[in-house]
Amino acid sequence: MRWLRGLSARAGASPGAWLKEREKTGARIKELDPRIPDGDPATAWDRRREEYRLVSPLNAKRFTVVVVGTGLAGAGAAAALGELGYRVHAFTFHDSPRRAHSVAAQGGINAARARKVDGDSLRRFVVDTVKGGDFRAREAEAFRLGQESVRVIDHLNAIGAPFAREYGGALATRSFGGVQVSRTYYARGQTGQQLQVASAQALQRQVARGTVDLHVRTEMLDLIVDDGVCRGVVVRDLVTGQVWAQPAHAVVLATGGYGSVYFHSTLAMNSNATAVWRAVRRGAQLAHASFVQFHPTALPISTHWQSKNILMSESLRNDGRVWVPTTPGDPRAPGDIPEAERDYYLERKYPAFGNLAPRDISSRAAKEQIDGGRGVGPLRNSVYLDFADALAAHGREAIAARYGNLFDMYAHATGEDPYAAPMRIAPGAHFTMGGLWADFDQMTAIPGLFVGGEASWAYHGANRLGANSLLSAAVDGWFTLPFSVPNYLAGLLGSRLPGADDACVRDAVGRVHDRTDALLTTGGTVAASHFHRELGDIMYRHVGVERSAAGLRTAIEEIRNLRARFWREVRVPGTGAQLNQALERAGRVADFLELAELMAVDALDREESCGAHFRTEFQDDGEARRDDANWAFASAWGAREDRGRLEFTRHVEPLSFTAVPLATRSYR
């Protein structure tokens, strides 16, 4: 058991509980090197960037870079690398890069510009981010995020993002969850949409210049790996069904998160984990797999047959007050319940932050009220978000100016008028803090494979603060990958790309064809969406806002059985040589069924509560009990198949904190 010694000595982790599950999961443990410069984490990014090797403008065109995904991270990386002169191939399964899911982020984007006299600063930004993530992320990356945030706002403003402004013309800000300052820049209630439009326009500029080849309606299905090094991707044209290989000197995955594994999520219906999971199956590792954020301001599910959740922006909690009736099962309309019989539970439990408590805490608090019988609405599965006080204080016109499009969306979705009655909200699967493990340069465990945005595990730890999602995607795409990717490419000058006849390319293309044939020839009778819905039920039940050892063990067995049934019973009509959305869905669900098992294994393995990972066995009066003595590290998992069974290898990266000392999180 020599593979345990390094972990026990350096991370202080007790392997006892892990060994109990090892027989079930077949897991081993190894340690990772984050490649963070020694010394002060506040200056680590400046020092690392000064060390990077450069590629001259004359040589840039000799390199080919693939960027998969055209959201805020992918569009930024492709546009910036194209501007630098590299030959870039950008892939998206959408019909336009503007359709990427970054458009769905509504509330705003954080920045440590500290332009208001409210006590904000770069250090306060870092403290909020590290503390908000419950000390399960790299300190040095929080500094990078805050440092580059200033440039991000200036850059996005320069390329046309229509940020809200004060009367005098200065960019306006508002508060978001988990902070006590006003550092969130916004474009009414559609910030993500406006930033995505601006970034997509910058990408299209490079397409027009000829530096970027844009491939729409094209999905990545595998990586080309040669002797452990990433050498390109294999993709499928979703219209014609053609499978082809695109060799590259480096590949950037910016394909978003995997929250749609829960079926009912705030993500778009076609959001998926295939690119990330295919990378894991080729040798990358998935870090913090079970760290999933449930947004407290989603709309409640109204029927089992509903296809997805709808997100309402966290910005609404600036003016909306969250409450439930004090009497369980109270049948009265909200307007008939007097103040004395209302429980504004966030304000009561967390007076320092109130309705802007962090998302993990707010979601658990909502679940506690709903489980206690105080839920509201036809299914008693939601809580109220009430704007009556704000409307009385500021007037309808002012509230409409801040949130008009969000109020309209709520009215269209529910048929209820939020100006006249409280909104009903409930926790919904939303954002994954977990993602591909990458070092400080954003390179994964596969040399040549980089990752950015929500597809990466960076920055957020066990809980993401609101409005840090758009920020991390923009920082990665515009101001990190354009430095770190050339540093890697500088050592490859003169190297040839693999050709169609190279074994690594033939093998990768062959794997895609084999998997497609397996899906098409199963001969079952059940649609893939049925298995996805059933998987979502398992995940919400056992790997949701709260988890327990017994429930997670049950989840692992249920997921394995469901996966076996999928490969016996799924029906995929048609062929692979045409537009076939049933085939697309089946491939994505097959990956979800593997990823979900790892998520449950990771949640079972981590015997502590931290951030959004809340184990019922590890709590103090409903608050998460973190175990820094044994779990102050990131778990990054590799996966391989052994005789038809998934086997997981746990790698660990110890986490240390010097600028922001370890402390128990408190928002009271």
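The values are calculated or read from the model by the stated rules, or taken from the named source; none is laboratory data. This is a predicted model, so every value here is computed, not measured. Positions of Cβ are generated from backbone atoms using ideal geometry, with glycine treated the same way; all protein chains shown enter the neighbour counts. Surface accessibility is based on the protein's heavy atoms, side chains included, excluding ligands, DNA and RNA. Shrake-Rupley method; radii C 1.70, N 1.55, O 1.52, S 1.80 Å.
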- Item | Set VAL66, VAL55, VAL127: member being under 30 Å from ALA490 (Cα atoms), touching a residue at least 24 places away in the same chain (Cβ under 8 Å) and open to solvent by 10 Å² or more (accessible area, probe 1.4 Å) | VAL55
- Task: Pairs only if they're at least six apart or on different chains, beta carbon under 8 angstrom, first in the range 564-593 and over 19 Å from SER271 (Cβ atoms) and part of a helix (DSSP H, G or I), second hydroxyl-bearing (Ser, Thr, Tyr) and open to solvent by less than 70 Å² (accessible area, probe 1.4 Å); list them, first residue then second.
- Result: TRP567/THR522; ARG568/THR522; GLU569/THR522
- Applying the selection to the range 271-317, what residues are in a loop (DSSP other than H, G, I, E, B) and under 22 Å from LEU598 (Cα atoms)? SER271, ASN272, ALA273, ARG282, GLY283, ALA284, GLN285, HIS288, ALA289, SER290, PHE291
- Note on the structure: For GLY178, the lone unmet condition from (1) of a type outside the set (D, E, K, R); (2) more than 30 Å from ARG541 (Cα to Cα); (3) assigned to a loop (DSSP other than H, G, I, E, B); (4) within 25 Å of the chain's Cα centre (by Cα) is (2)
- Query: Can you tell which of GLY499, GLY524, GLY466 is under 30 Å from ALA298 (Cβ atoms) and not in a helix (DSSP H, G or I)?
  - Reply: GLY466
- Task: Determine which member of the set THR240, THR255 is open to solvent by 10 Å² or more (accessible area, probe 1.4 Å), out of contact with any helix residue (DSSP H, G or I) (no Cβ under 9 Å at 6 or more places or on another chain) and of a type in the set (Val, Ile, Thr).
- Result: THR240
- Query: Is the range 638-649 home to any residue that is part of a loop (DSSP other than H, G, I, E, B), small (Gly, Ala, Ser) and at pLDDT below 95?
  - Reply: yes
- Message: Can you find, within the range 647-668, the residue that is nearest to ASP602 (Cα to Cα) among those that are in contact with a strand residue (DSSP E or B) (Cβ under 6 Å, 6 or more places away or on another chain) and of a type in the set (A, V, I, L, M)?
- Response: VAL652
- Picking from ALA73, ALA111, the residue that is within 16 Å of ARG464 (Cα to Cα), among the small types (Gly, Ala, Ser) and under 20 Å from the mean Cα position of the chain (by Cα) would be ALA111
- Message: Any residue that is without any contact (Cβ under 8 Å) to a residue 40 or more places away in the chain, part of a strand (DSSP E or B) and charged (D, E, K, R) - is there at least one of those in the range 237-250?
- Response: yes
- Task: Select from the range 157-177 the residues that are open to solvent by less than 10 Å² (accessible area, probe 1.4 Å) and among the hydrophobic types (A, V, I, L, M, F, W, C) and write down the one among them that is farthest from HIS288 (Cα to Cα).
- Result: ALA172
- For ASN580, which of the numbered conditions (1) surrounded by fewer than 23 Cβ atoms within 10 Å (Cβ to Cβ); (2) in contact with a Cys (Cβ under 9 Å, 6 or more places away or on another chain) fails to hold? (2)
- Task: Report whether or not ALA268 is aliphatic (A, V, I, L, M) and buried (at least 22 other Cβ atoms within 10 Å of the Cβ).
- Result: no
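Every residue, every condition in (1) touching a Lys or Arg at 6+ places or on another chain (Cβ under 7 Å); (2) on the phi < 0 side of the Ramachandran plot; (3) open to solvent by less than 30 Å² (accessible area, probe 1.4 Å); (4) among the β-branched types (Val, Ile, Thr), yes or no:
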position: VAL179; (1), (2), (3), (4): no, yes, yes, yes
position: TYR185; (1), (2), (3), (4): no, yes, yes, no
position: GLN194; (1), (2), (3), (4): no, yes, no, no
position: GLN201; (1), (2), (3), (4): no, yes, no, no
position: GLN204; (1), (2), (3), (4): no, yes, no, no
position: VAL212; (1), (2), (3), (4): no, yes, yes, yes
- Counting only residues that are buried (at least 19 other Cβ atoms within 10 Å of the Cβ), among the hydrophobic types (A, V, I, L, M, F, W, C) and over 16 Å from MET423 (Cα atoms), how many does the range 347-403 have? 5
- Query: On the given criteria, is SER609 buried (at least 21 other Cβ atoms within 10 Å of the Cβ) and more than 26 Å from THR303 (Cβ to Cβ)?
  - Reply: yes
- So which of ALA527, ALA508 ends up being surrounded by 15 or more Cβ atoms within 10 Å (Cβ to Cβ), farther than 17 Å from VAL233 by Cβ, in contact with a Lys or Arg (Cβ under 9 Å, 6 or more places away or on another chain) and in contact (Cβ under 8 Å) with a residue 24 or more places away in the chain? ALA527
- Query: Can you pull out the residues in the range 141-156 that are surrounded by fewer than 24 Cβ atoms within 10 Å (Cβ to Cβ) and farther than 13 Å from SER472 by Cα?
  - Reply: ASP154, HIS155
- Hey, could you check the range 226-237 for residues that are surrounded by fewer than 24 Cβ atoms within 10 Å (Cβ to Cβ) and more than 25 Å from the chain's Cα centre (by Cα) and say which is nearest to PHE93 (Cα to Cα)? ASP237
- Message: So if I check each of GLY395, GLY372, which one is at pLDDT 95 or above, small (Gly, Ala, Ser) and closer than 24 Å to TYR350 by Cβ?
- Response: GLY372
- Query: Of the residues in the range 538-563, how many are open to solvent by 50 Å² or more (accessible area, probe 1.4 Å) and either assigned to a helix (DSSP H, G or I) or of a type in the set (Gly, Ala, Ser) (or both)?
  - Reply: 8
- Note on the structure: Cβ pairs under 8 Å, 6+ apart or interchain, first in the range 400-422 and touching a residue at least 24 places away in the same chain (Cβ under 8 Å) and over 14 Å from ALA388 (Cβ atoms), second surrounded by fewer than 17 Cβ atoms within 10 Å (Cβ to Cβ) and of a type in the set (Asp, Glu), ordered by first then second residue, are TYR410/GLU416
